[in-house]
Amino acid sequence: MSKLLIDLYDFDSINDYLALNIKSFIINLQEFSTEKTLNVFLEQVEIINDLDDEIELFINLDRLYYNDDFNSLSSILKKLNKLKIRKLIINDAGVVELIKELGLKFELINGSNTLNTNYQTIEFLSNYYRGFYLSNEINLNEILKIRDNTNAMLMVQVFGKQLMFSSKRKLLTSYFQFHHLDLIDFNSQNPLIIKDLNDINNKSYIYEDSNGTYVTTYKNVNALDYLYDFIVNDIDYLYLSNLFIDRNSYLRVVNIFSSLLEQTINLDMAKSMFKDVNLEVSSSFLNDETVFNLEDIKKMEGI
Amino acid sequence: MKKPELLAPAGDLNKLKIALLYGADAVYIGGKQFSLRSAASNFSLEDIKEGVLFAHYYSKKVYVVVNIIFHNDNLVGLKEYLDELSEIRVDGIICADMVVVDTIKKYHINLNYHISTQQSITNSYAIKFYKNLGASRVVLAREISFDQLKELKENTDIELEYFVHGAMCVAYSGRCMLSNYYSKRDSNRGGCSQSCRWNYQLFNDDNEISNKDNYFTMSSKDLNLASYLYLLIASGIDSLKIEGRMKSIYYLATVVSSYRNIIDEYLANGIEQVRDFNIDNLNKAANRATGNGFIDGYHYEDIQLYNNREEHPTKEFIGLVLDSDGEYLKIEQRNNFKVNDDVELFGPNKEFYSFKVMEIFDENKNSIEVAPHPQQIIYLKFDKKVSPYSMLRKVIS
Ligand code: SF4
C-alpha cells in the first residue's frame, strides 16, 4: 500500500497532516542534511516523534561528509538510535560503514536523486540499504520495471521542486564577491532564480547553505496522472516536496493527493482541484527520455 | 619515496600511444559502450586489445572506464563486455555504478575495479565501504583538500587516485542533472551539454541582479596542480590523474611530458620548485584559465571562471613529426605556419629544439612559402634524428 511522504513547515503544521491521516514525514537535521524548508535540531526530532505513536519519521542525513564530520555524526546516530528512530535517508556510503562499526541498526534509505536508475544496482545495494529514492530523471516505465525486479522499499517524488544540482562551491557568494555586489540572502528560505540566456524555459531556483550550492527545478513535478500506476504497482512512498511552496498551497496539494489515494475523489476531480491551486507544474521525466549517444544527440539537436 | 602513477586520458589509439610515449605510466580509455564522454572517439574492442598490447610492451597500464550510471535498458551486454575486457587483460576498469561491481562479483570476472569520482568519495568510511566491496582503488572526489587527502591516505591500504589537471565538474560529480533538465542530454550516461558553463540571468524575485556585463555562470577554472606535485608525492598518493579524453594529441603530449618532468625531477633531485619551462609548457597547452581547485582549502571565486575572455584556444600546435632521417623532418600539418616562423620541436624522449623555419617543402620536395592545409604532408630540413610523434609548435610572442 503506497503512502504519502511529506515535508513540514514547522511543528504546528504536523497537525494539518495528521488530520489527513498522513503520518510519514521527512525531517531535515540541521548541519547533517541539505537545508530545505524546515531544518530542525535533534531535540525537536524528539518532540515530533512523541506526538503520535504511528508517526514514521525519515531523518534526512543526505549530505556528503568529510572525515571531520564523523565524530558529530557518530554522536547524532547514537542519539537517534536512543530515540528509536529507525529510518535514515543517506547519500554517503561512509554512513553505512559507520553505522556498521557502531553496531547500530537503522533502515537506511539510499537518497541519491541521480544514481538510483536501474533494478540490478538496487538489488545489489539492497544488501546495505532497505530503501531507495528513485532518481528523478527516470521515466514511468523505468520506475515500474525497477519495481517488478526488486523487493526493496521504493520512493518516488510525485510533487514539488526537484533537485537538479549540488555543489560544494559557494557559487552565489563567489559571484557576488567577484562582481563586488552587495550580498543578499540566497538561502533555502530566499532562493534566487537563474534563467538561461538562450532559452527562457530553462529557469531554476538556486540557493546556498553552509555546505554548498543547490539548483532545483522552477516548476513542480506533478505526478497526478501517474499516481494510479504507482499505487497499483506498490511504490512504497510517494514524496511531495514543499520546497519554495507556500504552506497553504502545499496543504491543498497534499489534500488532493491524499484524497485520490484514499479514493474519495477521482482523477478528474483531483485535476480540476489542482487547477485552483495555481502552481506551475510539469511531468518532468515521467513521460520523457534523455539521450546520451552522440548520434542521438545530433539527431535531437538537428545537427 | 614512492613513485606515483601518472595517469593520462586517451580518446583513441593514437592518443594512447602519445600519452604513454610522452611519459604516462597508465592511460584510461573508454570503449564504445558504457563510458561517459560520448563525444570522444572511444575504442573498439580491437583497439583496446591493441592499446593493451602496446602499453604492456612498455610495462605500462590501461584502465577502461565503464562509468555510466546505468538505466534498465543499458544493462544488456554488460557481462559480455566485462568478460571481453577481462580476456583482453586490461589492467582494471573504472566504474561508478555498483551494477558493474555486482556483475563482476556475480560472474567471478577477473577484473580489478576502481571506483570512479562519480561516487564523490570524500571520507575514510566511504573508502572502507568500497574496499569491502572489493575495489582495488578509489578515485577521490575533486573537492578533497591536501590535508584531507593526507588523512585519507594514512587511513587506508587501498590505492587512492587524485585529479591534478584538467577540466572539472562544478557540481559534485554524478550529482548534476542540469544537462538532463535543460537539454534532455543525460550527463550521467555521457551526454552532458555542459550547461554549467552557460550564461544565465540572475534574479531576486522579479529583479534582475545580473546585467550584460556580469551574467551568472557556474563555470569552473580548469585544474592545474603542477606546483603541488611534490606535496602530493610526499603524501604517498598512488595515482595522479590528468583529465581530458577529448583533448588533442598536442595537449596530451605537452601536459603529460610536463608532469613527467616535474615528478622525475622531484624524485631524483628533491626539486620542489617547478621549473619555468614546465609551467610555460602547461600554460601553452591550456585553453582556459586554471586554478588550484580545492587542494589548499576552498577559495570561493578564485576557482570560478567568470570571464569567457579567459578562454584562449591554442593554435600553437603546427605539426606532428611522422619521420626523420637526419636530413629532413616529415611532418603532418596541424595548423597554418610559414617560412620565418619561430618554432619549437619537442619529443617523447625529452628532445627539445628551437629554431626558425627557413624553408618548407611539399610532398614532392618542392619549396613552398606556407603550409596552409590541415594534414598536409610537408618536409623541413633538420639535421638531427628525432623520435616519431615529436611535435612542432609555433612560438607566439
Ligand atoms: S553541466 Fe557541468 S557540472 Fe553538470 S555534469 Fe555537466 S560539466 Fe559537470
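Every read-out reported here was derived from the displayed coordinates using simple, explicitly stated rules and does not represent laboratory data. Predicted model, so just to flag it, every value in this text is computed and none were measured. Here the Cβ positions follow ideal geometry from the backbone for every residue, glycine too, while neighbour counts run over all protein chains shown.
The residue among B:Leu380, B:Asn269, B:Ile158 whose Cα reaches farthest toward the positive pole of the charge dipole of chain B, with charges on the beta-carbon of Lys, Arg, Asp and Glu, is B:Ile158. Taken residue by residue and averaged, Cβ atoms of other chains lying within 10 Å of the Cβ of B:97-104 number 5. Identify the residues of the stretch A:222-256 with backbone N under 14 Å of a label point that sits 7 angstrom from the Cα of A:Met269 along the Cα-to-Cβ direction, or state none. Label zone hits: A:255-256.
Set the Förster radius R0 to 56 Å, insert the Cβ-Cβ distance between A:Met1 and B:Phe352 as r into 1/(1 + (r/R0)^6), and round the FRET efficiency to 0.05.
0.15
For chain A, leaving out every one of the trypsin sites (Lys or Arg not before Pro) that falls in a DSSP loop and has at most 14 other Cβ atoms within 10 Å, the longest unbroken run is A:106-303.
Per-residue 3J(HN,Hα) values for the stretch A:253-263, derived from phi via the Karplus relation 6.51 cos²θ - 1.76 cosθ + 1.60 with θ = phi - 60°, read 5, 4, 4, 5, 4, 5, 5, 5, 5, 7, 6 Hz in sequence order (x marks Gly and Pro).
Here the peptides B:235-244, B:59-68 are ranked by packing, the mean other Cβ count within 10 Å, and the order with the highest first is B:59-68, B:235-244. Per-residue shielding of A:289-302, expressed as the average number of other chain Cβ atoms within 10 Å of the residue Cβ, stands at 6. With each label modelled as a point 7 angstrom along the Cα→C-beta vector, the B:Lys384-B:Tyr328 pair spans 2.1 nm. The charge dipole of chain A, taken about the Cα centre with unit charges on the Cβ atoms of Lys, Arg (+1) and Asp, Glu (-1), comes to about 280 debye, rounded to the nearest 20.
A Förster distance of 51 Å, applied to the separation of the beta-carbon atoms of B:Leu267 and B:Met246, puts the FRET efficiency at 0.95.
Within the shell of other residues whose beta carbon sits under 15 angstrom from the beta carbon of B:Ala268, the net charge comes to +2, with Lys and Arg scored +1 and Asp and Glu -1. When you filter the trypsin sites (Lys or Arg not before Pro) in the stretch B:354-397 for DSSP loop state and at most 14 other Cβ atoms inside 10 Å of their Cβ, you are left with B:Lys365, B:Lys384, B:Lys385. Taking chymotrypsin sites (Phe, Trp or Tyr not before Pro) across the stretch B:189-277, none is in a DSSP loop with at most 15 further Cβ atoms lying within 10 angstrom of its Cβ.
The antiparallel fraction among DSSP beta bridges confined to chain B stands at about 50%. Look at the stretch B:128-134: the mean tally of other chain Cβ atoms within 10 Å of its residues' Cβ atoms is 4. Taking label points 7 Å from Cα along the Cα-to-Cβ direction, A:Phe41 and A:Ser283 give a separation of 4.7 nm. So which DSSP H runs in chain B come out at 27 Å plus along the axis (Cα) with average Kyte-Doolittle of at least -1.0? The qualifying helices are B:249-269. Antiparallel versus total DSSP beta bridges in the protein assembly as shown: what percent is that, nearest 5? Restricted to the protein assembly as shown, the bridges split so that about 45 percent are antiparallel.
When the pairs A:Lys3/A:Lys87; A:Lys203/B:Lys221; B:Lys330/B:Lys381; B:Lys330/B:Lys385; B:Lys105/B:Lys128; B:Lys17/B:Lys79 are compared against a 20 Å limit on Cα-Cα distance, A:Lys203/B:Lys221; B:Lys17/B:Lys79 fall above it. Given a cut-off of 27 Å, name the pairs among B:Lys61/B:Lys150; B:Lys15/B:Lys284; B:Lys49/B:Lys150; B:Lys2/B:Lys131; B:Lys284/B:Lys350; A:Lys23/A:Lys78 whose C-alpha atoms lie farther apart than that in the structure shown. From B:Lys61/B:Lys150; B:Lys15/B:Lys284; B:Lys49/B:Lys150; B:Lys2/B:Lys131; B:Lys284/B:Lys350; A:Lys23/A:Lys78, over 27 Å: B:Lys49/B:Lys150.
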